Structure formats: C-alpha cells, structure tokens
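Below is one structure, written out as structure tokens; the observations come after it.
All of the numbers you see were taken from the coordinates with simple rules; none came from a lab. No experiment lies behind these values; they were computed from the predicted model shown. Here Cβ is always computed from backbone atoms with ideal geometry, including for glycine, and neighbour counts include all displayed protein chains.
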Amino acid sequence: MANLIPRDLAGGEELLGKLMNSFWQERQMNTDIKEYEDKYLVQADLPGIKKENIRVSYVNNTLTISAAQTETTETEDDFGHYLRKERSSSAYQRTFTITDIDEESIKAVFEDGVLTLTLPKASYKDAPAKNIPIE
C-alpha cells in the first residue's frame with residue numbers, strides 16, 4: 001500500500017496537481033466561440049441549471065457568463081424523520097475578451113441546457129455594464 005504514494009514531494013505535488021486539474025476541468029463551463037464576418041456566436045453548456053440562475057454581462061470588451069445551482073435530495077421514512085438529506089451547490093463563471101461588439105444588439109437564448117449568445121460586431125463604445133436578458 002505504501003508504494004501507491006510517491007515518496008518524493010515533487011512527484012506527489014505533480015500527481016496532486018494533475019488530479020486537481022482533472023477535477024476542475026470536469027466542473028468548468030464548456031464554451032465554444034465562433035467568429036463570423038458580422039458576429040460572434042458563443043455557446044456555453046449549462047446542463048441542470050435554471051435560466052433564472054444565469055447572468056450574462058458585457059462591459060469594456062469583456063463578456064462574463066455566470067451560473068449557480070443548488071440541489072437538494074431528501075428521503076423520509078413513514079414518520080417524517082430524515083433518513084438522508086443531501087445538498088450540493090456549485091457556481092461557474094467564464095470571462096472572455098471580445099472586442100468590437102454592438103452591445104445593444106446582443107441576443108441570448110437558453111434551450112436544452114445550452115446558452116447561445118449572438119454578439120453582432122460594431123464599432124467600439126466605452127459604455128457601462130449591461131445585463132442581457134435570456135429568452
């Protein structure tokens with residue numbers, strides 16, 4: 001059993017780092033960004049998250065997508081005493097620098113666990129943050 005743990009600290013740190021990177025990669029919001037002549041199309045996978053728990057903003061060339069979810073599982077016996085009660089919550093955020101966007105024309109649609117943003121290209125404007133409603 002002792003042979004399963006690396007003896008040198010550097011090797012142990014490398015193994016731990018690889019495990020943590022793998023863990024966080026699985027929990028990150030997978031996002032695709034495709035550029036067209038007149039727009040950018042952004043698609044972010046957010047399975048299991050409700051539309052009202054998603055926030056999208058664009059300010060000073062920065063697109064930010066944030067999402068949060070809380071799950072509760074409860075099991076009771078015949079007398080109403082908990083046999084098991086589990087809760088989990090998670091939050092995700094991705095930020096991208098995308099320039100030359102007409103922020104007044106940004107569209108957002110959330111369907112089947114995929115957030116799709118259409119960001120039309122335009123001249124740069126220095127404007128305050130704008131929250132984008134999700135259809």
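Structure notes:
- For Lys130, net neighbour charge (Lys/Arg +1, Asp/Glu -1) across residues whose Cβ lies under 10 Å away: -2
- Spin-label model, Glu35 to Arg55: label points 7 Å out along the Cα-to-beta-carbon direction sit 2.9 nm apart.
- In a DSSP loop and with at most 14 other Cβ atoms within 10 Å, the GluC sites (Glu not before Pro) in the range 26-69 are Glu37.
- Inter-site label distance for Ser89 and Val114 at 7 Å from Cα along Cβ, in nm: 3.0 nm
- Residues whose amide H lies under 5 Å from that of Asp102, counting only those 5 or more places away or on a different chain, are Lys121, Ala122; hydrogens are built 1.01 Å from N in the peptide plane.
- Computed from backbone phi, the HN-Hα couplings of the range 109-114 come to 9, 10, 8, 6, x, 10 Hz, rounded to whole numbers (Karplus: 6.51 cos²θ - 1.76 cosθ + 1.60, θ = phi - 60°; Gly and Pro given as x).
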